[in-house]
Amino acid sequence: MSSLSTLLATFFGVGRIRFASGTVASAVAVAIGVLLVLAGAPAIAAAAVIATAVGIWACDAHCTKLGICDSSECVLDEVAGQWIGLIPVAVYARPLDWRPYALGFVLFRMFDILKLWPLSAAERLPGGYGVMADDVLAGLITAAFLTAALANGWI
């Protein structure tokens, strides 16, 4: 399974890591996110939108090949969601402060793992939309919390 959709859905093989592939993908996304934040808010926002759009197609195609609704190998959703969650770091011009990245990572993973409503409902959308939607929402919620923390000087 070395098709383009598999390569992208697994984020170049990160999703094939057997233990905590979603967490590993989020950590890799934060590392890349630092570079995107340094490039500015438009760069990380554009990367998140592109990852989301590509992820809908790639994760749908990969899961269809496997015959699984939401394969744990699909981690492009974590990448997109994590990047969405880090947009406030760029907006508040804190690219070299590690604390917002750490908080963004912890919040995103917490929301993604707990899958409270509306994330649990979004996950039931069909195909690649369901794979991506819960992580996009987790990223948006993370961004809201991170914005509040940055705007109020809590971090």
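The values are calculated or read from the model by the stated rules, or taken from the named source; none is laboratory data. Values in this document were obtained by computation on a predicted structure and should not be read as measured data. Cβ: placed from backbone, ideal geometry, glycine included. Neighbour counts: every protein chain shown.
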Residue match in segment 59-69 (condition: under 16 Å from the mean Cα position of the chain (by Cα) and at pLDDT 95 or above): no
Within segment 72-155, helices (runs of 4 or more DSSP H) holding 2 or more residues that are on the phi < 0 side of the Ramachandran plot and basic (Lys, Arg): 98-114
Number of the condition not met by Val106 [criteria: (1) closer than 19 Å to Phe11 by Cβ; (2) surrounded by fewer than 20 Cβ atoms within 10 Å (Cβ to Cβ); (3) within 14 Å of the chain's Cα centre (by Cα)]: (1)
Residue within segment 89-101 that is touching a Lys or Arg at 6+ places or on another chain (Cβ under 7 Å) and within 17 Å of Gly15 (Cα to Cα) present: no
Selection count where residues are in contact with a Gly (Cβ under 7 Å, 6 or more places away or on another chain) and among the hydrophobic types (A, V, I, L, M, F, W, C), scope segment 10-29: 1
Residue satisfying all of: in segment 14-25; without any contact (Cβ under 8 Å) to a residue 60 or more places away in the chain and over 15 Å from Ile84 (Cβ atoms); surrounded by the most Cβ atoms within 10 Å (Cβ to Cβ) among these: Ser21
Residue match in segment 26-35 (condition: surrounded by fewer than 16 Cβ atoms within 10 Å (Cβ to Cβ) and at positive phi): no
Members of segment 48-62 found to be among the small types (Gly, Ala, Ser) and more than 18 Å from Val14 (Cα to Cα), listed by number: Ala53
Considering residues of segment 125-155 that are in contact (Cβ under 8 Å) with a residue 60 or more places away in the chain and more than 16 Å from Ala48 (Cα to Cα) only, the residue surrounded by the most Cβ atoms within 10 Å (Cβ to Cβ): Leu146
Of all residues in segment 39-77 being charged (D, E, K, R) and either touching a residue at least 60 places away in the same chain (Cβ under 8 Å) or surrounded by fewer than 22 Cβ atoms within 10 Å (Cβ to Cβ) (or both), the one that is farthest from Asp112 (Cα to Cα): Lys65
